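The values are calculated or read from the model by the stated rules, or taken from the named source; none is laboratory data. This is a predicted model, so every value here is computed, not measured. Every residue, glycine among them, receives a Cβ derived from its backbone with ideal geometry; neighbour counts consider all protein chains shown. Quick note on the areas: whole protein, heavy atoms, side chains included, nothing else; ligands and nucleic acids left out. Shrake-Rupley method; radii C 1.70, N 1.55, O 1.52, S 1.80 Å.
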Amino acid sequence: MKRGLFFLLACVLFFAAAYAFAEDHCGDCDRSLAPRLWIPDGDPAADRLPLKSSRADIVIDGPIARVTVTQRYGNAGTRPINARYVFPGSTRAAVQGLTMKIGQRTIRAKIKEKEEAKKIFEAAKQAGKHAALLDQKRPNVFMMDVANIMPGDEVELTLQYSELLVPDQGVYELVYPTVVGPRYGGDPVRAAPDAVWMANPYAKDKSDGGNPARIETGIRVHLASPIPVSDMRSVQHKIATNWIDDKRVEVGLDPSERDAGNRDFILRFRLQGDRINSGLMTYEWNGEHYFLMMAQPPKHVEAAQVMKREYLFVVDVSGSMHGFPLDTAREVMRELLGKLRPDESFNILFFSGGSTVLSSSPLRATPANLQRAMDMMKAYEGGGGTELVPALEKAFDMPRTPDTARSIVVITDGYISAERAAYDLIRQNLNATNLFAFGIGSSVNRYLIESMAHAGEGEPFVITGPSEVAGVGDRFRRYVESPVLGNIRLQGKGVELYDMEPADIPVMLAERPIVVFGKYRNAEPRAKLVLTGTAATGDYHASLPLAGEGSRNQAELLPILWARQRLMRLSDMQGGNVELNRNAIVDLGLRYALLTRYTSFVAVDETVVNPGADATDVKQPLPLPQGVSELALAQPVPEPELGWLMLLLGGLFGGERLMRARGHDKR
């Protein structure tokens, strides 16, 4: 008995120490990095929903989109507040500016190193001044802190970003994310210090379908193209269009869209004749000449000889996949499995907090085995954590069929925080294995999906619902079996090219333009860029003349977009060493005024409005993305404190004494 009590005592003391360690080393992460269900505290003095509206004005001019996001904050309570809002952006966004407007005063934010920006913000906050701080948490996740919003205040924050739209099979796609999905963070003690943002509150829908965290969301798109536009459609929202002519159109949300901020806004369109905005754009800035080349790729050709292949599907069955996402994943699996050839082999690894495999070794794609796979798919309803990295480790260690090319296919909503760990693991384990990633849901973590496919030399797919499943199997097979172009090189003739991004152009799997950013110098009058490669039909060659010094394309965003591409490559090179290339990233962020992992925007209004600096900290709750279950959230249960643990100890000792007394009576 004494040994048992000693063991229990040791366990209790261990967990008490673990909680204390987590609290000391985890800052304000509340000992849990899990997103949690928001429960209003009913205090009318503090406005718990400070973000009143968010509006996006998007201008698409040729292949470049400029996005202006305006967030309006207010305080309907009677107590000053400090607001925090976590929001998404495009994975390709180059965030290049922030302004803060209070009444008639407009303050333009300054770009600073992250630590310096935070010190400036905290000093202004303690001094009782209005201030705003914009941080990057992931390339597609940002956090806005707003200090000293006084009762009755209205603070307007406007940020700008740009991105390049690259068509796939002739289809252009603009993605404007509206909500950050809940991320599974795992152990807070081992998590990165910048992962605190994940412990964000989420509000569940009410019985009438509304959501208390819903904000007024506006989206307006102005599209101008040098080529007539065709086949325009919105994937997840109802839209209203105003065609000025066949090359210009204005797009807005339909008045019936009352809850537009719980899923990605996705707008797709083609140009007449399936043409693309190919060619060369140039711009001079600060004494340097920048260029953007977009070259039309050759058409897909069916491979004359297809290599024998093996497919390993890694399927997410965690809590966030419960319901609609997992139903869609089943349809995706049915489509992909249905395209396997009888001489090919496959296996499935299902993961959540742990993992299970369909078979200990790869199975031939016979009708019986395919049915067995779908039967196992149907058995999962979705529940538990999202331990993707251990699942990938297991997948790379699984046995494979000799003399067979293997493709790993990951199917997930991407709601995890370990994007970097997954990327590094994939890069280190290619070994004749490429990886394709399928994102399932209305607001997936596109950063994870795209970075996994990039690291695995595959392609990303995003499936927002069952209507997008049809045909995905054929598209996937084309990418796997017949690359469009290999051995790609870009050279200058009569001009020196340097600082090109990417420096090495990868094999092209999809029918999308070959895109290269770079700089040039010493250009001769008839200089041109020459692109070469190897296609299924033979050698590929394209020549694009460089504009003369007397002409200028209106492409003032090229320096920003070039810097964004270089930042992505420097970040990729970091791997697990987050300090590698830090100085280069900081220099780029400061020189081009770009938000990065190590640079932030900070704005301060020098007027003191809250002399005592007494304000309530408020985290703006978010709505769950459309179709995502509450199983993705930690439930609001009390966390054990040391006092409760001591009470437990008292109960154990009391029970032990009572048992002794009863044993004595029996004697």
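Would you confirm whether any residue within region 406-429 is modelled with pLDDT under 90, assigned to a strand (DSSP E or B) and small (Gly, Ala, Ser)? The answer is no, given that none of the residues of region 406-429 is modelled with pLDDT under 90, assigned to a strand (DSSP E or B) and small (Gly, Ala, Ser). On the given criteria, is ASP397 without any contact (Cβ under 8 Å) to a residue 24 or more places away in the chain and either farther than 23 Å from LEU624 by Cβ or crowded, with 19+ Cβ neighbours inside 10 Å (or both)? Considered against the rule, which asks whether it is without any contact (Cβ under 8 Å) to a residue 24 or more places away in the chain and either farther than 23 Å from LEU624 by Cβ or crowded, with 19+ Cβ neighbours inside 10 Å (or both), ASP397 comes out as yes. So which pairs qualify, if the first residue must be in region 585-604 and in contact (Cβ under 8 Å) with a residue 24 or more places away in the chain, the second must be hydroxyl-bearing (Ser, Thr, Tyr) and in a strand (DSSP E or B), the Cβ gap must be under 8 Å, and the two must be at least 6 apart or on different chains? Filtered contacts from region 585-604: VAL586/THR599; GLY589/THR599; LEU590/THR599; ALA603/THR99. If you go through region 117-140 one residue at a time, do you hit one that is within 22 Å of LEU595 (Cβ to Cβ), open to solvent by less than 50 Å² (accessible area, probe 1.4 Å), among the polar types (S, T, N, Q) and modelled with pLDDT of 90 or more? Yes: one or more hits. Annotation: of all residues in region 199-214 being open to solvent by less than 30 Å² (accessible area, probe 1.4 Å) and not small (Gly, Ala, Ser), the one that is modelled with the lowest pLDDT is ASN200.
How many of the residues in region 582-632 are of a type in the set (Val, Ile, Thr), within 26 Å of VAL179 (Cβ to Cβ) and assigned to a strand (DSSP E or B)? If you could, list the steps in order and put the result at the bottom.
In the first step, residues of region 582-632 are kept if they are of a type in the set (Val, Ile, Thr); the result is 585-586, 596, 599, 602, 604, 607-609, 616, 618, 628.
Checking which are within 26 Å of VAL179 (Cβ to Cβ) leaves us with 596, 599, 602, 616, 618, 628.
Cutting the leftovers down to assigned to a strand (DSSP E or B) gives us 599, 602, 616, 618.
Result for region 582-632: 4.
Can you find a residue in region 380-393 that is surrounded by fewer than 21 Cβ atoms within 10 Å (Cβ to Cβ) and assigned to a strand (DSSP E or B)? No, that holds for no residue. Across region 163-198, which residue is modelled with the lowest pLDDT among those that are among the small types (Gly, Ala, Ser) and surrounded by 22 or more Cβ atoms within 10 Å (Cβ to Cβ)? The qualifying residue modelled with the lowest pLDDT is GLY185.
Would you check which residues across region 395-428 are closer than 21 Å to LEU358 by Cβ and out of contact with any strand residue (DSSP E or B) (no Cβ under 6 Å at 6 or more places or on another chain) and list them? Within region 395-428, PHE396, ASP397, MET398, PRO399, PRO402 qualify. Among residues of region 410-454 being over 14 Å from the mean Cα position of the chain (by Cα) and buried (at least 23 other Cβ atoms within 10 Å of the Cβ), the one that is nearest to SER318 (Cα to Cα) is ILE411. When every residue of region 299-307 is checked against the conditions, at least one turns out to be closer than 28 Å to ALA437 by Cβ and small (Gly, Ala, Ser).
Residues in region 399-428 that are out of contact with any Ser or Thr (no Cβ under 6 Å at 6 or more places or on another chain) and farther than 26 Å from VAL141 by Cβ: ARG400, PRO402, ASP403, THR404, ALA405, SER407. Among all residues of region 390-409, there is at least one that is within 19 Å of GLU459 (Cα to Cα) and in contact with a Phe, Trp or Tyr (Cβ under 7 Å, 6 or more places away or on another chain). For region 319-377, the set of residues classified as open to solvent by less than 30 Å² (accessible area, probe 1.4 Å), farther than 30 Å from GLY181 by Cβ and among the small types (Gly, Ala, Ser) consists of SER345, SER359, ALA365, listed by residue number.
For every residue, the table says whether it meets (1) modelled with pLDDT under 85; (2) of a type in the set (Gly, Ala, Ser); (3) open to solvent by 70 Å² or more (accessible area, probe 1.4 Å); (4) within 21 Å of the chain's Cα centre (by Cα).
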| position | (1), (2), (3), (4) |
| --- | --- |
| LEU546 | no, no, no, no |
| ASN553 | yes, no, no, no |
| LEU557 | no, no, no, no |
| ALA563 | no, yes, no, yes |
| LEU567 | no, no, no, yes |
| GLY575 | yes, yes, no, yes |
| GLU579 | yes, no, yes, no |
| VAL586 | no, no, no, no |
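I need a count of the residues in region 239-270 that are in contact with a helix residue (DSSP H, G or I) (Cβ under 9 Å, 6 or more places away or on another chain) and either open to solvent by 30 Å² or more (accessible area, probe 1.4 Å) or polar (S, T, N, Q) (or both). Explain how you work it out, then say what you get.
Of region 239-270, the ones in contact with a helix residue (DSSP H, G or I) (Cβ under 9 Å, 6 or more places away or on another chain) are 246, 253, 264.
Cutting the leftovers down to either open to solvent by 30 Å² or more (accessible area, probe 1.4 Å) or polar (S, T, N, Q) (or both) gives us 246, 253.
Number satisfying all stated conditions: 2.
Taking the criterion of being open to solvent by 20 Å² or more (accessible area, probe 1.4 Å) and at pLDDT 90 or above, the residues of region 529-542 that qualify are VAL530, THR532.
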